[in-house]
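Each remark here refers to the structure printed beneath this line.
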Amino acid sequence: CAVKTWDGSNWNPAGNPTATDHVVISDDYDTATDGGSITACEVTVDASTTLTISADDFLSVANNITVDGTLNVAHTANVVQIDDAATVTNNGTINVYVDTPALDGRDFMLMGSPMTTETRAGVFDGAMRIRNHLTENFSPNTEVMEASNGAGVWVDEEGDDWLVYEAGINPGEGYMVMRDIVGPATALNLNFTQGTLNNGVITYAAEYNGTQNASPNIIANPYASAISATDFINANDNVDAVYFWEHITAPNSGTPGPYGLDYTMEDISIFNLTGGTSAAGSDAGTLPNGIISTGQGFGVKASNAEPITFNNSMRLTSGNTTLRKRDIDRIWLNVQSNGYELNSTALIGFIQEATDGIDIGYDAKRLATNVALYSHLDDGSNQLGIQSRGVFSENMKIPMGFATLIDEQINYTISIENIEGLNLESATVYLIDNQEETITNLSNEDYTFGSEKGIFDNRFTIQFVPEVILGTDASVLENIAIYPNPTQSILSIVSPKFMVTNVTVYDIIGRVVMSQNFENSKKVAIDLSELNSAIYFAEINTEAGKMTKRIIKE
């Protein structure tokens with residue numbers, strides 16, 4: 001390989017490196033700002049220098065990598081080696097960053113490690129609990145087997161197949177990584193640092209319990225790059241499909257299983273050589289695309305005890321994005337002046353990375369147009385044409401303002417211009433006119449009002465539960481869960497911390513349709529079988545306060 005050196009400004013000799021070059025990084029290089037992805041025969045990162053592979057970029061190396069300085073691999077970046085016998089020598093620092101989707105309380109990810117000697121106390125120190133899977137302890141759940149007539153089962157009979165784990169993270173093995181059970185949905189921002197990058201042939205000792213259905217193994221992509229699920233299946237004769245956990249539904253007391261609260265198999269998507277199927281509990285948003293991201297864990301049903309193998313031929317330089325993040329929920333609200341061709345649109349987005357304050361790059365002031373509809377922060381400040389909020393919750397309230405330079409008193413109409421995202425598309429949008437003291441279901445009809453010239457801050461409020469039944473204690477009670485939803489009859493309610501004292505159900509215009517009191521129970525159930533198929537709101541009263549959940553009666 002011919003040596004080609006980066007000096008901080010230029011390549012020497014001139015020209016971008018190719019697969020025949022031994023690339024030497026003698027000054028800091030970032031693929032996002034200094035020339036893009038790198039293809040090389042061999043790579044050396046000199047001491048006191050940093051090579052950064054930024055998001056969606058790649059480092060593709062035929063042979064060895066030597067790190068005497070620092071190698072940073074961003075979330076969704078890829079580092080690929082071609083030769084299975086190539087080495088990665090780490091005499092400095094290697095950081096591989098992986099961000100999970102936002103996880104609700106009790107939710108988990110299946111994760112592995114792209115580094116050779118990572119530990120539970122290292123990269124997963126911020127997780128509440130880590131579990132590893134013992135296939136030898138697994139036996140298909142009898143209740144599920146009988147109900148499904150022998151279909152594929154991932155539910156254990158005794159509940160002893162997942163054990164708390166505190167040791168080293170084995171390359172190729174997948175682990176259940178659980179976040180804390182309290183607090184809002186939060187991502188785990190992981191930094192793998194211990195050892196060096198996994199490369200070449202990685203084997204996992206598959207366990208086989210006599211039948212394929214009784215032999216679930218939890219494994220993980222061991223590389224700092226995406227891999228092809230198709231190539232993985234083709235390389236392993238004892239694997240006919242891969243199974244992904246899509247973390248959609250909270251654990252449910254009504255789901256068959258050995259625990260008080262069990263996860264549902266409807267949150268599992270499948271991919272094989274024919275293609276993929278979405279998780280039954282979602283729409284096409286969980287359809288696997290045949291790519292497995294850095295460190296992403298997944299399940300296989302082994303058909304024998306042959307070792308499961310990963311190798312460099314499976315690795316990819318793109319597509320490292322299948323650790324799915326929540327859809328961005330967005331709503332565009334429009335105001336139209338009746339009689340004039342003047343209108344204005346306000347955008348509100350619900351985004352994992354945003355806060356309820358001002359976020360640079362996510363919030364923008366309204367324009368000084370003749371007619372304007374805009375939103376405020378919770379304290380009524382700012383006039384925002386675009387506003388970002390945190391992850392969507394139906395208990396949110398968003399204050400809105402309106403301004404017009406039209407001199408005469410005329411009518412205006414507010415409507416939903418567009419709506420995106422799974423949460424918002426299934427939500428009901430209400431507009432409160434604080435001046436007229438009216439509530440309008442914007443999901444069903446537009447709202448027309450009269451106004452003279454002026455600026456009217458905080459005139460409106462957008463919310464997703466009717467005003468008459470909004471609770472004020474949602475932050476305290478945010479881990480209350482209801483199952484199943486939608487439901488045809490019985491609705492179970494689980495309050496992990498506080499006793500439930502009453503559940504009152506309202507229709508969409510705020511009328512009480514049923515109410516039931518309870519004593520000394522954190523887990524209750526109500527029967528909705530007599531109600532018509534529609535959207536309702538369950539006000540859950542506890543000893544610590546109340547909150548409202550939107551429910552769908554089928």
Using 0.36 nm per residue, how much length does the chain from ALA86 to THR211 gain when fully extended, once their Cα-Cα distance is taken away? 41.3 nm
Could I have the simple spin-label model distance between ILE358 and THR142, label points 7 Å from Cα toward Cβ, reported in nm to one decimal? 6.5 nm
Let a ≥ b ≥ c be the square roots of the eigenvalues of the Cα gyration tensor of the range 380-535; is it rounded (a/c under 1.5), or, if not, prolate (a/b larger than b/c) or oblate? prolate
For the chain, what is the relative contact order in percent, using Cα pairs closer than 8 Å and at least 6 residues apart in sequence? 10 percent
Is the chain best put as rounded, prolate or oblate by its Cα gyration tensor, with a ≥ b ≥ c the root eigenvalues, rounded for a/c under 1.5, and otherwise prolate when a/b is larger than b/c, oblate when not? oblate
Gain upon complete extension [GLU530, GLU437; 0.36 nm per residue less C-alpha separation]: 30.2 nm
How large, in Å, is the range 1-118 by the Kirkwood hydrodynamic radius built from its alpha-carbon pairs? 14.9 Å
How far apart, in nanometres, would the label points at ALA305 and SER426 be if each is projected 7 angstrom from Cα along the Cα-to-Cβ direction? 4.3 nm
Sequence-distant lysines (8 or more away, or on other chains) whose Cα lies within less than 23 Å of LYS523: LYS497, LYS546, LYS549, LYS553
For the pair ASN338 and THR413, the simple spin-label estimate (label points 7 Å beyond Cα toward Cβ) gives in nm 0.8 nm
Which of rounded, prolate or oblate describes the range 177-250 when judged by the alpha-carbon gyration tensor and an a/c cut-off of 1.5? oblate
Evaluate E = 1/(1 + (r/R0)^6) for VAL3 and LYS522, where r is the Cβ-Cβ distance and R0 equals 60 Å; express this FRET efficiency to the nearest 0.05. 0.35
Across the range 481-553, how large is the tail of the calculated P(r) beyond 21 Å, expressed as a percent of all Cα pairs? 17 percent
Go through 13-20, 344-351 and give me the packing order, highest mean Cβ count within 10 Å leading. 344-351, 13-20
Charge dipole of the chain built from unit charges on the beta carbon (Lys, Arg +1; Asp, Glu -1), centred at mean Cα; most positive-end Cα among SER303, SER415, TYR506 is TYR506
Tally Lys/Arg at +1 and Asp/Glu at -1 over every other residue whose Cβ is under 12 Å from the Cβ of ILE416; what's the total? -4
In the chain the DSSP beta bridges are antiparallel at a rate, in percent to nearest 5, of 75 percent
Between SER381 and ASN16, take the C-beta separation as r, use R0 = 60 Å, and let me know the FRET efficiency to the nearest 0.05. 0.75
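Every read-out reported here was derived from the displayed coordinates using simple, explicitly stated rules and does not represent laboratory data. Keep in mind that what you see is a predicted model, and the values were worked out from it rather than measured. Heads up, the Cβs are rebuilt from the backbone with ideal geometry, glycines too, and the neighbour counts pull from every protein chain shown.
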